[in-house]
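Taking it in order: structure first as structure tokens, then the write-up.
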Amino acid sequence: GGSVKVLDYKPFDKKHSFLRSISILMGQKSQFTWELSANDTFKLLKEIYDVPSNEYLKTLDELVYMLSASDIIDKQVRKLSLGERMKCELIGALLYRPKVLFLDEPTIGLDVVVSKKLRTFIKDYNQKYESTILLTSHYMHDVSELCKRVIIINNGVLYYDGLLSELVRKYA
């Protein structure tokens, strides 16, 4: 039992203003249509989230640059590698500048090099835009590189809520 609020909204109410303030990226699920290019999907997301054209172009250019994705955004999604798809998924998730980004296993199945690039991007994005990022991961490289604060929940029971450094000092 209990309740939860995000940005002073009750998530289950699914208000448009709330949904426009958050984004989610799941490593195992795609928000993209396989037959379209990533760029076509970005345009669709622009319309769905009513992003003004000048803001959209500026944000898209910046995200594509930050993720070194200029050579892949016009590829059909089905032809993208998993690492390329995850870069595009991140761009799509951030096109409308959400205040809160939920990341669920964002580096699952990725090789070491792509995983490192995505973690660097997430860290840089977080610092630049002071966005709130909630990361769900079992992969300790993601946690140790991206998180200061850690919450451990098992079967609905809160086991730890505090600094990662304190968790490591106490239990490692």
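The values are calculated or read from the model by the stated rules, or taken from the named source; none is laboratory data. Since this is a predicted model, take the numbers as computed values, not measurements. We place every Cβ from the backbone using ideal geometry, glycine too, and count neighbours over all the protein chains shown. For the accessible areas, the whole protein counts, side chains as well, though only heavy atoms, and no ligand, DNA or RNA atoms are used. Shrake-Rupley method; radii C 1.70, N 1.55, O 1.52, S 1.80 Å.
Counting protein heavy atoms only, the stretch 1-53 has 53 percent of its accessible area on carbon and sulfur, 1.4 angstrom probe. Of the listed residues Glu35, Glu166, the order by accessible area with a 1.4 Å probe, largest first, is Glu35, Glu166. Taken about its Cα centre, the stretch 91-172 carries a charge dipole of roughly 260 debye when the Cβ of each Lys and Arg holds +1 and the Cβ of each Asp and Glu holds -1. A Gaussian network model of the chain, with springs between Cα atoms under 10 Å, assigns the largest mean-square fluctuation among Tyr65, Tyr129, Tyr159 to Tyr159.
This model, with +1 at the C-beta of Lys and Arg and -1 at the C-beta of Asp and Glu, gives the chain a dipole about its Cα centre of some 300 debye. Which one of Ile22, Ile122, Ile152 has the biggest mean-square fluctuation once the chain is modelled by GNM with Cα springs under 10 Å? In this elastic network of the chain, the residue with the biggest mean-square fluctuation among Ile22, Ile122, Ile152 is Ile152.
When only alpha carbons are used to place a centre, the stretch 36-69 and the stretch 103-118 end up 21 Å from one another. What angle, in degrees between 0 and 90 and rounded to the nearest 10, separates the Cα long axis of helix 82-94 from the longest principal axis of the Cα atoms of the chain? Roughly 90 degrees, rounded to the nearest 10. In order along the stretch 15-23, the Karplus-derived 3J(HN,Hα) couplings, from 6.51 cos²θ - 1.76 cosθ + 1.60 at θ = phi - 60°, round to 5, 4, 4, 6, 4, 6, 9, 10, 8 Hz, and Gly and Pro are given as x. In order along the stretch 152-167, the phi-based Karplus estimate (6.51 cos²θ - 1.76 cosθ + 1.60, θ = phi - 60°) of 3J(HN,Hα) comes to 10, 10, 10, 6, x, 9, 6, 9, 7, 8, x, 6, 4, 4, 5, 4 Hz; Gly and Pro are listed as x.
In units of the rule-of-thumb radius 2.2 N^0.38 Å, the stretch 1-79 shows an alpha carbon radius of gyration of 1.32. Taking amide H atoms as placed 1.01 Å from N in the peptide plane, the amide H of Thr33 has no partner under 5 Å among residues 5 or more positions away or on other chains. Residues whose amide H comes within less than 5 Å of that of Thr136, counting only those at least five positions distant or on another chain, are Leu103, Asp104, Glu105 (H built at 1.01 Å from N in the peptide plane). For the residue pairs Lys43/Lys99; Lys15/Lys43; Lys5/Lys79, alpha carbon separations beyond 29 Å are given by Lys5/Lys79.
The mean accessible area for residues of the stretch 19-172, using a 1.4 Å probe and ignoring ligands and nucleic acids, is 59 Å² per residue. To put it simply, the accessible area of the stretch 60-164 at a 1.4 Å probe is 54 percent carbon and sulfur. Just checking the listed ones, Leu90, Leu45, Leu19: in the Gaussian network model of the chain with Cα springs under 10 Å, the one fluctuating most is Leu19.
Normalised size of the chain, defined as Cα radius of gyration per 2.2 N^0.38 Å with N residues, equals 1.08. Scattering from the stretch 101-172 was approximated by placing one identical point on each alpha carbon and applying the Debye formula without solvent; log10 I(q)/I(0) at 0.11, 0.21, 0.23 1/Å stands at -0.29, -1.00, -1.14.
Rounded to the nearest 5, the antiparallel percentage of DSSP beta bridges internal to the chain is 45%.
Across the stretch 40-55, coupling constants 3J(HN,Hα) worked out from phi with the 6.51/-1.76/1.60 Karplus curve, θ = phi - 60°, read 5, 5, 4, 5, 5, 5, 4, 6, 4, 9, 6, 8, x, 3, 5, 5 Hz, and Gly and Pro carry x.
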